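S.K.: Pasting in a structure now, in structure tokens, and then I'll have a few things to ask.
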Number of protein chains: 2
Amino acid sequence: MAEHSTPTLAESYAKASHRTTGNGQRNVQVLLDAFQEISGDTPSDMYGRGETISKFERKLAEMLGKEAAVFFPSGTMAQQIALRIWSDRKNSRAVAYHPLCHLEIHEQDGLKELHHLEPILLADEERIITLDDVKKMPENIACLLLELPQREIGGELPEYAELEDISAYCREKGIALHLDGARLFEILPYYGKEAAEVCALFDSVYISFYKGIGGIAGAMLLGDADLAEQSKVWKRRHGGDLISLYPYILSSDYYLELRLPKMAQYYEEAKELAALYNAQPAIRTRPEVPVSNMFHLHLDGVLAEAAGPVIAGVQTETGVALAAYLKETGERSCSTEIAIGDLYETVPKDRLRAAIELLGRRLADM
Amino acid sequence: MAEHSTPTLAESYAKASHRTTGNGQRNVQVLLDAFQEISGDTPSDMYGRGETISKFERKLAEMLGKEAAVFFPSGTMAQQIALRIWSDRKNSRAVAYHPLCHLEIHEQDGLKELHHLEPILLADEERIITLDDVKKMPENIACLLLELPQREIGGELPEYAELEDISAYCREKGIALHLDGARLFEILPYYGKEAAEVCALFDSVYISFYKGIGGIAGAMLLGDADLAEQSKVWKRRHGGDLISLYPYILSSDYYLELRLPKMAQYYEEAKELAALYNAQPAIRTRPEVPVSNMFHLHLDGVLAEAAGPVIAGVQTETGVALAAYLKETGERSCSTEIAIGDLYETVPKDRLRAAIELLGRRLADM
């Protein structure tokens with residue numbers, strides 16, 4: 001081994017025989033699997049019309065208990081448009097969300113540059129939004145966006161009762177409540193609720209088909225019929241009303257059917273894996289006990305450049321892939337995101353335990 | 001026959017055994033054909049990165065002689081963004097295009113609603129833009145968009161020398177010239193030019209992969225490296241920077257390879273078909289002699305509601321599909337668009353001639 005250059009974290013992750021995270025490679029096989037049973041004479045959707053798109057929209061509207069659903073190529077497009085519609089309805093540019101909201105940090109400020117909305121940031125980067133934060137919002141907020149779970153801090157959730165209180169408060173004040181439900185299905189086992197129950201607390205909902213569901217791409221925006229119709233106009237304006245979205249629609253439906261029944265399993269597995277990590281003093285997870293299929297792994301007091309080769313070594317020696325990347329989080333500490341999918345159950349438990357114990361020992365010795 | 005209700009134009013078109021227009025049904029088979037030779041382990045593009053997208057972008061940049069190319073889910077998105085970038089560079093919101101430009105009539109005013117650009121309309125709905133129109137533009141125009149061919153008036157083109165003069169004038173005046181090249185490859189046989197020669201007259205170019213090329217969806221924006229980089233930022237803002245665009249990228253490449261060599265054939269066939277129609281006094285085409293694979297069929301002095309059943313009858317009786325729809329064009333006249341693709345050559349010439357003659361006689365008798 002010493003004769004060769006050490007593989008990087010990503011390389012050792014890719015080469016390991018057993019992966020603890022995700023649903024597998026993002027490659028063309030994902031498309032081929034989804035289309036293997038679909039007949040070639042299935043007609044394309046045509047600019048948002050036709051049974052191929054409208055049937056899937058109706059299915060999700062019913063599942064989530066909303067009047068109407070509109071399929072979008074991306075959540076970025078769907079959510080900007082939802083907030084814009086709420087803003088226009090209330091004639092106020094002010095919307096509110098978390099400082100680590102996708103719209104704030106991952107969309108090149110599309111909401112501001114294209115729609116000129118003025119977001120107010122609630123809570124802070126270290127914690128989720130509480131009822132207190134919501135009560136302190138200015139009166140002119142057109143829409144409050146809540147992301148469940150709050151992904152960038154490991155996937156944390158408010159208690160369900162607090163969510164109900166936030167919803168009731170917003171209704172009382174005439175503030176639209178929008179759900180960033182990119183990972184909605186992943187949180188239902190923890191809440192012990194049906195999707196429609198959670199969605200009933202919100203005026204509009206976005207869900208993604210390529211997070212836990214593991215599709216190719218695609219999103220759905222749900223709400224009242226007026227919102228749906230207006231969102232189609234904005235979809236056209238954004239350049240998202242493609243002549244054919246069926247590669248995403250049909251594959252989204254396929255993976256939804258495949259993985260919705262597995263969300264409870266992913267959740268239990270996330271708790272199991274987090275417990276294995278937390279048994280090592282040099283490692284902690286956030287949340288300590290996951291509330292969905294995801295959590296963040298934190299290595300305190302270690303730089304990413306020092307921890308990377310250690311994890312890579314463990315992955316190469318044990319054949320168990322634990323982390324594909326590390327990012328610096330504050331001074332002398334680093335973290336990575338863990339999301340449980342189909343692959344976790346394929347990892348032999350004894351090898352997994354041995355790999356994590358080896359990693360824990362080596363980190364403790366640093 | 002009289003016992004049954006008359007099929008509509010669209011129904012009779014769909015049922016006919018031979019179709020004169022297009023490349024065939026827009027259905028899932030289009031995707032299955034494109035992916036039959038693609039290996040499942042081909043990696044996905046990832047948010048605009050990776051060989052699957054960058055290889056295709058480089059290929060088109062080279063083919064069209066531009067510094068850089070960026071794949072987009074739609075032309076709507078690509079062209080708004082191109083005009084926005086030119087507008088920002090010149091610090092002027094004024095852009096210029098034809099009154100029947102796609103951005104003006106098919107995009108729900110995305111250019112105005114999202115980018116607040118202020119288009120000036122050149123020429124009029126009955127004719128293409130000339131050098132004279134261009135010379136009369138205000139000085140503050142940031143970008144002139146030319147659509148070649150001008151689709152909504154049947155696919156007309158300026159003579160190449162005039163195009164060169166327009167390009168030279170714009171360069172002299174510091175006005176960016178953008179090509180709406182949704183049907184760029186379709187006009188090369190008439191001009192007798194390579195794609196790169198035509199594109200050299202323009203500062204930025206958009207091409208489509210689902211018009212003559214017949215892909216599923218997708219577009220490319222080409223220009224200098226700065227424009228390409230800025231367009232990626234705007235693509236993210238629009239919600240078009242999908243985690244995976246490979247269903248469109250790989251199928252676009254497949255159909256580009258399949259149909260680029262056929263563009264000269266489509267052009268010759270369009271001229272042949274237009275001549276057959278123009279031999280009937282009740283029918284005329286625009287252009288009279290096509291300059292690409294497309295033209296419009298005009299029935300003067302006949303309402304669409306009267307002509308529709310006549311065409312439907314001919315299609316049902318002869319099995320030759322001529323037109324799928326009619327639209328009113330002015331008082332007591334109607335038209336339809338003809339675009340030649342793979343199917344034209346499969347229509348037996350004697351049956352085609354007989355069908356058009358029958359249609360001509362019936363229209364003349366009305």
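S.K.: Can you classify the protein assembly as shown as rounded, prolate or oblate using the Cα gyration tensor, where a ≥ b ≥ c are the square roots of its eigenvalues, rounded means a/c under 1.5, and otherwise it's prolate if a/b beats b/c and oblate if not?
M.R.: prolate
S.K.: Consider the operator that turns chain A into chain B: which A residue has a Cβ nearest its axis, and what is that gap in Å?
M.R.: A:PRO247, 2
S.K.: In nm to one decimal, list the spacings between the A:SER54 label point and its equivalents in the other copies, with label points set 7 Å along Cα to Cβ, shortest first.
M.R.: 4.4
S.K.: Further, regarding this structure: Between B:PHE295, A:SER252, A:HIS238, whose Cα lies farthest towards the positive end of the dipole of the protein assembly as shown when Lys and Arg beta carbons carry +1 and Asp and Glu beta carbons carry -1, centred on the Cα centre?
M.R.: Value: A:SER252.
S.K.: Positive end of the charge dipole of region A:1-155 (Lys, Arg +1 and Asp, Glu -1 on Cβ, about the Cα centre): tell me which of A:VAL134, A:PRO119, A:VAL28 has its Cα farthest that way.
M.R.: Sorting the options by dipole projection puts first A:VAL134.
S.K.: Multiply the residue gap between A:GLU328 and A:GLU172 by 0.36 nm, knock off their C-alpha separation, and tell me the result in nm, one decimal place.
M.R.: On the way: separation 156, 0.36 × 156 = 56.16 nm, distance 4.16 nm.
Gain on extension, A:GLU328 to A:GLU172, equals 52.0 nm.
S.K.: Can you list the HN-Hα couplings for region A:277-283, worked out from phi with the Karplus curve (6.51, -1.76, 1.60; θ = phi - 60°), rounded to whole Hz and with x for Gly and Pro?
M.R.: 5, 5, 6, 9, x, 7, 10
S.K.: While we're looking at this one, here's another question. What is the distance, in nm, between label points placed 7 Å from the Cα along the Cα-to-Cβ direction at A:VAL233 and at A:SER39?
M.R.: Here the modelled spin labels are 3.8 nm apart.
S.K.: Give the separation of the Cα centroids, region A:19-80 to region B:60-79, in Å.
M.R.: Their Cα centres are 26 Å away from one another.
S.K.: Enumerate by residue number the GluC sites (Glu not before Pro) in region B:131-197 meeting two conditions: DSSP loop (anything except H, G, I, E, B), and at most 10 other Cβ atoms within 10 Å of the site's Cβ. Kindly include the intermediate steps, with their values, before the conclusion.
M.R.: Values: sites: B:GLU139, B:GLU147, B:GLU152, B:GLU156, B:GLU159, B:GLU162, B:GLU164, B:GLU172, B:GLU186, B:GLU194, B:GLU197; in loops: B:GLU139, B:GLU159, B:GLU194.
When the GluC sites (Glu not before Pro) of region B:131-197 are filtered for loop state and at most 10 Cβ neighbours within 10 Å, B:GLU139, B:GLU159 remain.
S.K.: Taking amide H atoms as placed 1.01 Å from N in the peptide plane, list the residues 5 or more away in sequence, or in a different chain, whose amide H sits under 5 Å from that of B:ALA96.
M.R.: For B:ALA96, the qualifying residues are B:ILE120, B:CYS143, B:LEU144, B:LEU145.
S.K.: Describe numerically, in nm with one decimal, the distance between label points set 7 Å from Cα along Cα→Cβ at A:ALA196 and at A:ARG351.
M.R.: 4.4 nm
S.K.: Sticking with this structure for a sec: Relative to the present Cα-Cα distance, how much length would full extension add between A:GLU67 and A:HIS106 at 0.36 nm per residue of separation?
M.R.: Extra length available between A:GLU67 and A:HIS106 comes to 11.1 nm.
S.K.: Next question, about the same structure. Calculate for chain A the 222 nm mean residue ellipticity that helices alone would give, adding -39,500 (n - 2.57) per DSSP H run of length 4 or more and normalising by residue count, nearest 500 deg cm²/dmol.
M.R.: So the helix-based figure for chain A works out to -13500 deg cm²/dmol.
S.K.: Taking a ≥ b ≥ c as the square roots of the eigenvalues of the Cα gyration tensor of region B:312-366, is the shape rounded (a/c under 1.5), prolate (a/b larger than b/c) or oblate?
M.R.: oblate
S.K.: Suppose every K and R has +1 on its Cβ and every D and E has -1 on its Cβ; what is the size of the dipole of the protein assembly as shown about the Cα centre, in Debye to the nearest 20?
M.R.: About 280 debye.
S.K.: State whether region B:2-141 is rounded, prolate or oblate according to the following rule on the C-alpha gyration tensor (a ≥ b ≥ c being the square roots of its eigenvalues): a/c under 1.5 gives rounded; otherwise a/b larger than b/c gives prolate, and the remaining case gives oblate.
M.R.: Oblate, since a/c reaches 1.5 and b/c is not below a/b.
S.K.: Would you kindly work out, in nm and rounded to one decimal, the distances from the label point of A:ASP350 to those of the same position in each other copy, ordered shortest first, with label points 7 Å along Cα-to-Cβ?
M.R.: Listed shortest first, these distances are 8.0 nm.
S.K.: Name the residue from A:ALA176, B:THR346, A:ILE338 whose Cα lies farthest towards the positive end of the charge dipole of the protein assembly as shown, charges +1 on Cβ of Lys and Arg and -1 on Cβ of Asp and Glu.
M.R.: Toward the positive end, the furthest listed residue is B:THR346.
S.K.: Note the distances from B:HIS116 to each other copy's matching label point, with points 7 Å along the Cα-to-beta-carbon direction, in nm, sorted shortest first.
M.R.: In ascending order, 0.4 nm.
S.K.: Using DSSP to call loops (not H, G, I, E or B), can you name the trypsin sites (Lys or Arg not before Pro) in region A:276-355 whose Cβ has at most 13 other Cβ atoms within 10 angstrom?
M.R.: Values: sites: A:ARG284, A:LYS327, A:ARG332, A:LYS349, A:ARG351, A:ARG353; in loops: A:ARG332.
Here the trypsin sites (Lys or Arg not before Pro) that fit, given the DSSP loop and packing criteria, are A:ARG332.
S.K.: What does DSSP give for the protein assembly as shown in terms of the percent of beta bridges that are antiparallel, rounded to the nearest 5?
M.R.: Working: 50 of 86 bridges.
Counting only bridges with both partners in the protein assembly as shown, antiparallel ones make up about 60 percent.
S.K.: Now for a different question. When the label point is put 7 Å from the Cα of A:LEU258 along its Cα-to-beta-carbon vector, which residues of region A:214-229 have a backbone N closer than 20 Å?
M.R.: Zone members listed by number: A:214-220.
S.K.: Short version: ³J(HN,Hα) in whole Hz for each residue of region B:164-172, in order, from phi by Karplus 6.51 cos²θ - 1.76 cosθ + 1.60 (θ = phi - 60°), x for Gly and Pro, what are they?
M.R.: Listing the rounded values in order: 4, 5, 4, 4, 4, 4, 5, 4, 4 Hz.
S.K.: From the phi of every residue in region A:91-107, what ³J(HN,Hα) in whole Hz does the Karplus formula 6.51 cos²θ - 1.76 cosθ + 1.60 yield, where θ is phi - 60° and glycine or proline is x?
M.R.: Calculated HN-Hα couplings, in order: 6, 9, 7, 7, 10, 9, 7, 6, x, 9, 4, 3, 5, 7, 10, 10, 10 Hz.
S.K.: Note down the magnitude of the dipole of region A:45-243 about its Cα centre, charges +1 on Lys and Arg C-beta and -1 on Asp and Glu C-beta and zero elsewhere, to the nearest 20 debye. Don't jump to the answer; show the numbers that get you there.
M.R.: On the way: 23 positive and 34 negative charges, 153 e Å.
Dipole about the Cα centre, nearest 20: 740 debye.
S.K.: With charges only on Cβ, +1 for K and R and -1 for D and E, what is the dipole size of chain B about its Cα centre, in debye, rounded to 20?
M.R.: Details: 38 positive and 56 negative charges, 82 e Å.
Here the size comes out at about 400 debye.
Quick note: the coordinates plus some simple rules give every number you see, no bench work behind them. All of these numbers come straight from a predicted model, not from anything done at the bench. Methodologically, a virtual Cβ is constructed for each residue, glycine included, from the backbone with ideal geometry; neighbour enumeration extends over all protein chains shown.
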